[in-house]
Amino acid sequence: MKIIIAGDGKVGSMLTRQFSGEGHDLTLIDNNPEALESTIERYDVMSVEGNCASMEVLRNAGVEKADLLITATGKDELNLLCCMTAHGMNPNLHTIARIRTPDYAESTYSMRKTFALSLTVNPDRQTAREIDRLLRYPGFLKREKFANGLVEIVEIKVDATSPLKDQPLNQLSSITNCQILVCAALREGKSVTPDGNFVIREGDRLFVTASAKNLTILLRNIGYVTQKVRNVMIVGGGSSSYYLADLLLKEGVGVKIVEKEMSRCEHLAEMLPGAVVVQGDASLQAVLEREKIRLMDAVISMTGLDELNVITSIYANHAKVPHVITKLGRAENLEILAQLPVGSIVSPKELCTNTIATYVRAMGNQIGAAVTVHSIAGGQAVAIEFIVDANTKNTGRPLKEIRLKKNILVASITHGRNIIFPNGESVFRQGDRIIIVSNGDAAIHHLNDIFVS
């Protein structure tokens with residue numbers, strides 16, 4: 001597929017890495033020649049320097065023969081104009097625009113045909129929704145959805161008081177009393193694919209496959225159930241904070257926002273009359289203590305500075321706040337940060353990229369291609385969902401008779417609404433959804449890639 005990406009920033013670079021690895025024909029457009037040069041040194045892509053809304057620049061990028069345009073520049077207006085111009089030059093072109101400004105949400109949805117938009121993505125809104133999902137199940141550091149929401153892979157950290165500590169995996173069912181599968185573990189910064197003899201240790205991060213209905217049972221039976229989140233402190237008053245506060249207020253949760261800039265505080269107070277908006281510098285311990293951080297059920301660090309978010313979350317953890325969530329704009333050092341007491345980590349860039357990648361896979365409609373892909377275990381493993389089709393090998397054969405490539409685990413098989421956490425006797429058939437977890441370096445683009453030839 002020929003894809004044009006306008007904007008070689010955080011999202012653009014992640015999309016380039018994703019799609020170049022999947023074999024797509026990529027062309028990048030950006031005004032910054034240094035950014036383009038850095039990208040083309042790392043990936044086999046074409047580049048065009050200039051204004052992405054210019055017909056000449058788009059023509060040079062090959063828009064007339066392109067299948068998809070993704071606009072991810074730092075300006076919403078430029079993203080919209082680029083989509084409109086490109087679609088006018090190629091009426092068959094699919095267009096995806098990143099739109100962040102809350103004021104444009106209604107118009108870009110109701111006038112998407114006018115703007116020639118196939119899809120809009122708002123990383124700030126996605127971030128807010130993801131954090132809201134995490135707050136519904138305090139105890140999970142991360143949640144990834146598969147099989148239309150029927151199956152999830154959740155991340156749990158094992159502390160000194162956990163009943164999972166020092167237990168072998170083959171004894172786990174007696175503790176959880178529900179069907180789950182530990183598909184990966186992160187120990188001392190290294191990802192492992194555990195077998196039944198794997199003994200869980202304090203500090204381990206477990207990645208557990210479970211049906212959505214078993215999540216509450218799992219938390220309760222391992223003693224991770226905490227009181228419902230009633231009071232939340234949001235540090236930082238950006239767009240993500242606005243979207244999250246709006247969601248929480250509608251759910252009856254008390255919200256306090258700490259923001260440094262007075263003008264932004266005034267704007268938030270006007271937009272969110274139900275929230276308590278405080279002007280203050282969250283980098284100062286005295287400000288956090290003055291605003292009673294120790295009485296909060298959750299603290300969400302959402303400023304525009306990753307370093308400040310990390311420091312604030314570490315302090316919130318030190319203050320014994322039950323639930324801490326950290327927003328990170330850069331996702332390059334997740335493996336290191338996962339070792340710090342910063343609670344759940346949410347990356348807007350990663351959420352945005354996953355949404356776009358899902359659209360691209362559906363658009364390509366490749367036989368046997370991945371439906372959903374999520375990075376887990378600090379980026380050292382990947383969970384991939386496939387749909388079994390007529391070309392899939394080994395259908396109807398028990399798993400114990402199938403040779404899988406090294407570091408491949410079949411985490412679940414979904415038949416209709418029936419979820420199977422497989423053993424050696426399990427089989428998959430055409431139409432089933434399979435989630436596999438890969439802990440190795442081999443590229444897995446199609447379901448047949450997991451089998452030894």
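The values are calculated or read from the model by the stated rules, or taken from the named source; none is laboratory data. Just so we're clear, the structure is a prediction, and the values are computed from it rather than from any experiment. Cβ: placed from backbone, ideal geometry, glycine included. Neighbour counts: every protein chain shown.
Per-structure values
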read-out: Matching residues in region 370-424 - criterion: being part of a loop (DSSP other than H, G, I, E, B) and among the acidic types (Asp, Glu); value: Asp389
read-out: Output for region 223-242, where each listed residue is closer than 19 Å to Asp306 by Cβ and either out of contact with any strand residue (DSSP E or B) (no Cβ under 8 Å at 6 or more places or on another chain) or surrounded by fewer than 22 Cβ atoms within 10 Å (Cβ to Cβ) (or both); value: Gly238, Ser239
read-out: Helices (runs of 4 or more DSSP H) (entirely within region 36-142) containing at least 1 residues that are of a type in the set (Ser, Thr, Tyr); value: 76-89, 105-110, 123-136
read-out: Qualifying residue in region 325-340 (condition: surrounded by fewer than 15 Cβ atoms within 10 Å (Cβ to Cβ), out of contact with any strand residue (DSSP E or B) (no Cβ under 9 Å at 6 or more places or on another chain) and modelled with pLDDT of 90 or more); value: no
read-out: Subset of region 96-131 [closer than 19 Å to Leu248 by Cα and either buried (at least 20 other Cβ atoms within 10 Å of the Cβ) or of a type in the set (Ser, Thr, Tyr) (or both)]; value: Asn122, Pro123, Asp124, Arg125, Thr127, Ala128, Glu130, Ile131
read-out: Residue match in region 443-450 (condition: of a type outside the set (Ser, Thr, Tyr), touching a residue at least 60 places away in the same chain (Cβ under 8 Å) and surrounded by fewer than 14 Cβ atoms within 10 Å (Cβ to Cβ)); value: yes
read-out: Yes/no for His323 being over 21 Å from Val382 (Cα atoms) and free of Cβ contacts under 8 Å to residues at least 24 places away in the same chain; value: no
read-out: So Val310, is it in a helix (DSSP H, G or I) and farther than 19 Å from Asn231 by Cα; value: yes
read-out: Positions within region 255-298 being surrounded by 17 or more Cβ atoms within 10 Å (Cβ to Cβ), of a type in the set (D, E, K, R) and closer than 15 Å to Gly236 by Cβ, in sequence order; value: Lys256, Glu259, Lys260, Arg264, Glu291
read-out: Scan of region 370-391 for residues that are over 22 Å from Val182 (Cα atoms) and either at pLDDT 95 or above or touching a Phe, Trp or Tyr at 6+ places or on another chain (Cβ under 8 Å) (or both), ordered by number; value: Val388
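The rows are residues; the columns are (1) part of a strand (DSSP E or B); (2) farther than 30 Å from Ile434 by Cβ; (3) not hydroxyl-bearing (Ser, Thr, Tyr).
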{"site": "Thr216", "(1), (2), (3)": "no, no, no"}
{"site": "Arg220", "(1), (2), (3)": "no, no, yes"}
{"site": "Val229", "(1), (2), (3)": "no, yes, yes"}
{"site": "Met233", "(1), (2), (3)": "yes, yes, yes"}
{"site": "Leu244", "(1), (2), (3)": "no, yes, yes"}
{"site": "Lys256", "(1), (2), (3)": "yes, yes, yes"}
